[in-house]
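The next block holds one structure in the form of structure tokens; read it before the comments.
The values are calculated or read from the model by the stated rules, or taken from the named source; none is laboratory data. These numbers were taken from a predicted model, which means no experiment stands behind them. Cβ: placed from backbone, ideal geometry, glycine included. Neighbour counts: every protein chain shown.
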Amino acid sequence: MKFTLGWLKEHLDTSASLDEVTATLNRIGLEVEGVEDASAALAPFVIAEVLTAERHPQADKLQVLSVSAGGAAIQVVCGAPNARAGMKGVFGAPGTYVPGSDITLKVAAIRGVESRGMMCSERELQLSEEHNGIIELPADAPVGARYVDWAGLVDPVIDVAITPNRQDCMGVRGIARDLAAAGLGRLKPLAEAYRIAALDVPRAGPGPDVRTDDPGCPAFFACAVTGVTNGASPAWMQQKLKAIGSKPISALVDITNFVMFDLGRPLHVYDRATLSGGLVARKAIAGEQVEALNGRTYALDETMTVIADDAHVHDIGGIMGGKASGCSETTTDVLIECAFFDPDSIARTGQKLTLTSDARSRFERGVDPGFLDDGLAIATHLVLELCGGTASEVTRSGTPPTEPKQVAFRPARVLGLAGIDVAQDEQAAILERLGFGVARGDPWTITVPTWRRDVGSGAAASNGWDGEADIVEEVVRIHGLDAIQSTPLPRAEGVAKPTATPAQALERRVRRATAARGFDEAVTWSFLPPADAEAFGGAAFTLANPISADLAAMRPSLLPGLLAAAKRNADRGQASLRLFEIGQRYLADAEHPTLALLLAGQRLARDWRTGPAVAVDAYDAKAEALAALAIAGAPVDRLAVAAPATSWWHPGRAGRLVLGKVVLADFGMVHPAILKHFDLKQPVAAVELYLDALPPRRRGRAVFAPPALQPLTRDFAFVVPETLAADALVRAASGADKALIAGVKLFDRFAGAGIGEGNVSLAIEVTLQPKDATLTEADIAAVSAKIVAAAEKLGASLRG
Amino acid sequence: MVGCIVAAAFTEPVLSFCGGGGYQPAAMTDTDTLQADILGSIAAAATPEALEAVRVAAMGKSGSVTALLKTLGGMDPAARADAGPRFNGLREAVSAALAARKAALDAAALEARLASERQDMTLPVALPAAGTIHPISQVMDELAEIFADLGFAVASGPEIETDWHNFTALNIPESHPARAMHDTFYVAQSPPEGKLVLRTHTSPVQVRTMLTQAPPIRIIAPGRVYRSDSDATHTPMFHQIEGLVIDRGITLAHLKWTLETFVKAFFEVDDVTLRLRPSYFPFTEPSVEVDVGCSWAGGKLTIGGSDSWMEILGSGMVHPRVIAACGLDPDEWQGFAFGTGVDRLAMLKYGMTDLRAFFDADLRWLKHYGFSAFDVPTLSAGVGA
């Protein structure tokens, strides 16, 4: 919401400076987003007359001017084609900063002729983009006077952010009211602000035929004015509208805009010549259309309130007028509509049509239902004053909802909620200045002014507390929040408890461990291109209104995001990377916290010690999966490796780690078809670890004493069918004598000559841990026999 | 060892050497001469093998010193008293010389071996890959640490949220214009009983916490949030942190202290001034926006002082309707809530300029702005890295 300081002062009788006004606005919750003050930058420029204009001796396109700015004649070299003797313009003396061209003027010789200043164009003064010639001022412009003063550019423009609750401040008068309440001056009565004796206007003849049939428009007030002349609006109105960025169109249109910006009261003016019959506010009929003033045609439905005559829809009620019944320069008879529209209905219609307008933004926040007659009177007054004509009586159909809301208020709640002690008298005075009615009692009864829809709620008055906090806010925002003294929160009693849940602590632990293992943490979008989601089993959730088609499907896996990231990095020359992310997968049943790791390209770069580069493989992924599971506290020795169950893994080079029936992680090489989909050329291994599937980490430790006896190791080599899972052999050996065997490690795998076609040799190192007595050769032979027997059950044979 | 002959002993034995270290036989008539001779041989031994030959010739089973010592047994007491100390002195001197020479030869051999083992220590070594923690995670950990000290637990909630939790319970009815403040993403697969949205703020976690937990409540809720917005300072996904305190007698004065404590700790600056401005959020009443004093001297942002103001968070007293919607009695329980952008806090503290880069996973950016796994924010070591 923009307005000028001068405009504000039409309503606020104050001597406050611009800085005081902006500081107060910020203090009371009307946040100043910007102040444009052209006067400071343009202050040095003065009105000057061109006395003589001669051709420059050295340049055809330049002239040598003699200029008077009130004192002695000044020589200026000028390139403007319109510069001529006798004209008046705007002069900048040497030393002046020219904002539009970002230079400071100096005395300079231009093609050998001295120039002592500049006659300026509008662009050089940042008044417009006009740069075809210098500014031409009327003959009566006073030579030597400051240009900004004469042109009325001294009025700074203030831009405030109005929060959605403060419809009353979507007009200059509401802002003036708030500032007056904050002690910055006196709010002038409305008639005084408009410099009229009374709000009433002379009226003759019956009011127009209007009525409302729709609860979406509880009140439809209107009057007609006949015999108007719709020319340009006066300079004062145009200047105000231009200052806030609203383009003047014609007097009738400008009046409706001015009243809306000045009083927060949207109006609509119809050209009666375009209407057939009376106007009615009703629900649209499905299939009806209207071409709005913005030139677009809107299809309406039966939930939307429209204003229509016997033949056509002329207005999307409270949102935008129709093009056909708008005013033009030939308009002579008008109908001024001042209606009240239901805010919820306006909001729904506006959302459905995705149509925003200044009127909608006011009506959906709830304009003052008590201001219909005054708003219509002011508008009629302006029409009569600026366009002439004769006003009719007012037709009033329906009743605006003006029943006053009342709030029970305990003044002690100001201290109790806001922590500021404000004297009761001051509380009452603040509320009264804001227009609230104050009846002291126990509690106080506060009557809310009709323009404050945000305070209290008529419907919920059964709750004793409803609205009380609103009143507290009104008191403290005007009193000033600076008065709040910081007060420490009391410390909780007892032993400090962990403030992270076990799941959060687990995430942190896994995150830092993974980074410590050389992975860079990425944060990628939660939404994916649908095709990416499809490649990973499809998205359970998609967005109805994605920001783009590429960000439409909620990810069922973290891998597509990381694969896309790998592709972007590969395109930047980084084919080898180790990335991870911790975040949610969005599945139909719930959101699942997940760790994903991606290893792409080389595990080892070529190196003088290790030789040629080594590509990542599935075992890298397995190692990372197990390392992460170990740090997460999963019992990694009890995990089994199952075949991959999802399609995005290489069917022969991936696995899933399961604890009983619970899947803890998938790992392995990403399926070549997926790599093709992401246009990745390098090998990619990955892990997805399902954090919410992990068993809870156990705290505390069992009692333990290191064994007194030395462990010993024995090696065995078995020839097994190559289809045998190595893990099966290790498990068989481990289980051969659970009391003695403390560990089995597979350390060699060999296929080739002497083993037999279809076989491999697996070598294991078995660690035996004696408990009570040193093992004899016989003991060792016995356990060795058990190991061999267990292996033979799997089809293995001991190598000779 | 080959060809070593030891002569027979007389009263004073005569020794002769041959082979081994290349010694010439020499006739000696007393222990001093013998000692000088042996010590000379020891000094002349240039290899461990030569030294061993000298040792065997002198101290071996048939060595000259051994032979001499054996003669002591046959001497009469007087002669033994005279010869014993001399012979033993000889033995000790030879032993000591052998040991010293052995140590010197070993040292020289080691030195020679080490010299031959020299490597070029300027050759490069491949370091294990150093991973990084994303700035968002780092800042979330910092925030959790700071608020843990104030007794705030970390709470969380779903990102695909019901319209009721995200809006209605927070006093934002369907037609409320505040919904236009949130450019909401709607989920196509919404069940008939209620629309699903991507949460537009972390505030629904307030609701979920109040619904499930009895007051007093002190939580922070960091997490991903979503709005349909995209430019250099807005991305459709970003991160917020929500704070909530519900108790008896909590006021804006406690809020101000909490935020001051948080801002000082987070930016590691003592001189922090906060400015509270009245504002509007549907779920708080009174609502305040909080500016932090800062300076742009030299074009660089410094938190502290009051030269200039920067808006950093929104907050207020939890609206009685929100408290009631969560099943609590607003006449008994009250408190404050606040929310701010985690990504923005990270940018202010660590100087990133483009929010979009946070989500691009550009390795160069991650390596530059990421944190070591061991930069764990703790109160004792500091929450800045």
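Only one entry in A:GLU591, A:GLU624 is within 14 Å of chain B (Cβ to nearest Cβ) and farther than 18 Å from A:ALA686 by Cβ, namely A:GLU591. State yes or no: is A:ASP470 modelled with pLDDT under 95 and assigned to a helix (DSSP H, G or I)? Criteria met by A:ASP470. Can you spot a residue in region B:341-356 that is aliphatic (A, V, I, L, M), in contact with a Lys or Arg (Cβ under 9 Å, 6 or more places away or on another chain) and at positive phi? Within region B:341-356, none of the residues are aliphatic (A, V, I, L, M), in contact with a Lys or Arg (Cβ under 9 Å, 6 or more places away or on another chain) and at positive phi.
Yes/no per residue for (1) among the small types (Gly, Ala, Ser); (2) more than 8 Å from every other protein chain (Cβ to nearest Cβ); (3) within 30 Å of B:ARG218 (Cβ to Cβ):
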| position | (1), (2), (3) |
| --- | --- |
| A:ASP470 | no, no, yes |
| A:GLY518 | yes, no, no |
| A:TRP525 | no, no, no |
| A:LEU528 | no, yes, no |
| A:GLU534 | no, yes, no |
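Total residues in region A:472-491 satisfying the condition of being surrounded by 14 or more Cβ atoms within 10 Å (Cβ to Cβ) and at the interface with chain B (Cβ under 7 Å from one of its Cβ atoms): the figure is 9. Does B:ALA153 count as more than 30 Å from B:ASP247 (Cα to Cα), surrounded by fewer than 22 Cβ atoms within 10 Å (Cβ to Cβ) and touching a residue at least 40 places away in the same chain (Cβ under 8 Å)? No. Picking from residues in region A:594-619 that are closer than 15 Å to A:VAL687 by Cβ and free of Cβ contacts under 8 Å to residues at least 60 places away in the same chain, the one that is surrounded by the most Cβ atoms within 10 Å (Cβ to Cβ) is A:ARG603. Going by the structure shown, is A:ARG731 surrounded by 11 or more Cβ atoms within 10 Å (Cβ to Cβ), at pLDDT below 95 and either of a type in the set (Phe, Trp, Tyr) or not in a loop (DSSP other than H, G, I, E, B) (or both)? In short, yes.
If only residues of region B:282-318 that are free of Cβ contacts under 8 Å to residues at least 60 places away in the same chain, within 23 Å of B:PHE167 (Cβ to Cβ) and among the hydrophobic types (A, V, I, L, M, F, W, C) are counted, the one that is farthest from the other protein chains (Cβ to nearest Cβ) is B:LEU313. Residue count for region A:383-439 under the criterion of being in a strand (DSSP E or B), hydrophobic (A, V, I, L, M, F, W, C) and away from chain B (no Cβ under 14 Å): the result is 3.
Screening A:ALA359, A:ALA391, A:ALA439 for residues that are among the hydrophobic types (A, V, I, L, M, F, W, C) and over 19 Å from A:ASP254 (Cα atoms) leaves exactly one candidate, A:ALA439. Given A:ALA717, A:ALA632, A:ALA665, which one is of a type in the set (Gly, Ala, Ser), assigned by TED's automatic domain parsing to the domain that holds A:ALA739 and either closer than 30 Å to A:THR767 by Cβ or touching a Pro at 6+ places or on another chain (Cβ under 9 Å) (or both)? Result of the check over A:ALA717, A:ALA632, A:ALA665: A:ALA717. Scanning region A:2-38 for residues that are within 14 Å of another protein chain (Cβ to nearest Cβ), crowded, with 16+ Cβ neighbours inside 10 Å and outside any helix (DSSP H, G or I) gives A:ILE28, A:GLY29, A:LEU30, A:GLU31. The strands (runs of 3 or more DSSP E) located wholly in region A:197-289 that include 2 or more residues which are closer than 23 Å to A:ARG173 by Cβ occupy A:219-226, A:268-271.
Only one of the listed residues (A:ALA570, A:ALA575, A:ALA566) is at pLDDT 95 or above, over 30 Å from the mean Cα position of the chain (by Cα) and of a type outside the set (Asp, Glu). That residue is A:ALA570. When each of A:ALA72, A:ALA109, A:ALA83, A:ALA139 is tested for being touching a strand residue (DSSP E or B) at 6+ places or on another chain (Cβ under 7 Å), loosely packed, with under 14 Cβ neighbours inside 10 Å and either outside any loop (DSSP other than H, G, I, E, B) or without any contact (Cβ under 8 Å) to a residue 60 or more places away in the chain (or both), the lone residue that passes is A:ALA139. Here the helices (runs of 4 or more DSSP H) wholly within region B:137-234 that include at least 3 residues being farther than 30 Å from A:PHE580 by Cβ and within 8 Å of chain A (Cβ to nearest Cβ) are B:178-181.
A count restricted to region A:334-379 and to residues that are without any contact (Cβ under 8 Å) to a residue 24 or more places away in the chain and outside any loop (DSSP other than H, G, I, E, B) stands at 3.
For region A:355-368, a residue qualifies if it is more than 25 Å from A:VAL455 (Cβ to Cβ) and either buried (at least 24 other Cβ atoms within 10 Å of the Cβ) or more than 11 Å from every other protein chain (Cβ to nearest Cβ) (or both), and the qualifying residues are A:LEU355, A:SER357.
B:ARG118 meets the stated requirement of being assigned to a loop (DSSP other than H, G, I, E, B), of a type in the set (D, E, K, R) and surrounded by fewer than 21 Cβ atoms within 10 Å (Cβ to Cβ).
Within this structure, A:ALA204 fails the test of being outside the structural domain of A:VAL367 (by TED's automatic domain parsing), farther than 22 Å from A:SER392 by Cβ and in contact (Cβ under 8 Å) with a residue 12 or more places away in the chain. Among the numbered conditions (1) farther than 24 Å from A:GLU507 by Cα; (2) assigned to a strand (DSSP E or B), the only one that A:ILE674 does not meet is (2).
If the condition is being part of a loop (DSSP other than H, G, I, E, B) and under 47 Å from the mean Cα position of the chain (by Cα), then region A:86-106 contributes A:ALA93, A:PRO94, A:GLY95, A:THR96, A:PRO99, A:GLY100, A:SER101, A:ASP102, A:LEU105, A:LYS106.
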